[in-house]
1. Taking R0 as 35 Å, what FRET efficiency do you get between residue 226 and residue 188 from their Cβ-Cβ distance, rounded to the nearest 0.05?
2. Taking the alpha-carbon set of the chain, what are its Rg and Dmax in Å?
3. Provide, in order from the shortest bin, the percent of all Cα-Cα pairs of the range 169-249 in each 5 Å bin, continuing until the bin that contains the maximum pair distance.
4. Roughly speaking, what is the centre-to-centre gap between the range 1-64 and the range 185-210 when only Cα atoms are used, to the nearest Å?
5. Could I have the simple spin-label model distance between residue 27 and residue 64, label points 7 Å from Cα toward Cβ, reported in nm to one decimal?
6. Arrange the following residues from fewest to most other Cβ atoms within 10 Å of their Cβ: 226, 163, 67.
7. Modelled label-to-label distance, residue 94 and residue 41, 7 Å Cα→beta-carbon offset: nm?
8. Go ahead and set up a Gaussian network model of the chain, Cα springs under 10 Å, then flag whichever of 113, 26, 87 fluctuates most.
Ligand code: NDP
């Protein structure tokens, strides 16, 4: 078995683009929906020749854009619903405790990484419920219905100490809030058998991760893809890494 459909946000570059390529290697997956802010400029994504790939615009900070995406996806998936939602799009900028004080700058990271991701997820719950009811099977699995929130080890409050770089305070806050939302979703959506997990992808060489990252995009996303397909009851509500090991909250 494989999930029927997968939606990945922020899929024009980095980990999102890598995940699109990895999931398309699995012939059991019928539909991969890739979103990006400006599809006409997403050259690498557009160059993927696979009839199972559908590309739609999404500016995650814009409610109208989310609603339009919902309509597009609803039309596409019909009564099957959406099997897996991967909330990948995010931003990360330096924000230090003794640096420049900026409400706008701090709020932007929280807005995109946690608030907008939560709003998008809320919008898509009807399609995930439809998939779960139609697919049935295991109580929690990515073949049935799942939300994967791409988080970060930086979200772990338990890991914050003086050995960690203190330059990403707003990013940390945003991903901790995302983890809180993820856990709440896992409790509230359990009755629909929608699996919800928060996953750190590892330190990956992307525009965000930088050139010192530990893993290349292809290697990292192959690992993430395999782990996503293995998700089950043990990962429901958990904060995990891409090897399915649990992180401290
Ligand atoms: P990149 O910066 O390479 O890509 C980010 C993606 O998010 C881009 O497609 C970008 O689109 C999209 N995006 C950002 N803001 C918005 C928005 N407002 N609306 C729609 N799309 C948006 O990041 P990575 O691929 O490295 O990161 C992917 C995920 O993994 C993120 O959630 C990140 O926090 C997490 N992560 C990454 C790590 C790493 O080492 N790389 C480590 C830990 C976590 P656009 O091109 O238009 O800007």
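1. Values: r = 28 Å, r/R0 = 0.80.
Taking R0 as 35 Å, the efficiency between residue 226 and residue 188 is 0.80.
2. So, for the chain, Rg and Dmax equal 17.0, 52 Å respectively.
3. Distribution as computed: 3, 15, 21, 22, 21, 12, 5, 1, 0 percent.
4. For the range 1-64 versus the range 185-210, the Cα centre distance is 17 Å.
5. 4.4
6. On the way: 226 14, 163 6, 67 11.
Going from sparsest to densest Cβ surroundings: 163, 67, 226.
7. 2.4
8. Maximum fluctuation in the GNM of the chain, among the listed residues, is at 26.
Since every read-out is calculated from the coordinates, none of them should be taken as a lab result. Quick caveat: nothing in here was measured; it's all calculated off a predicted structure. We place every Cβ from the backbone using ideal geometry, glycine too, and count neighbours over all the protein chains shown.
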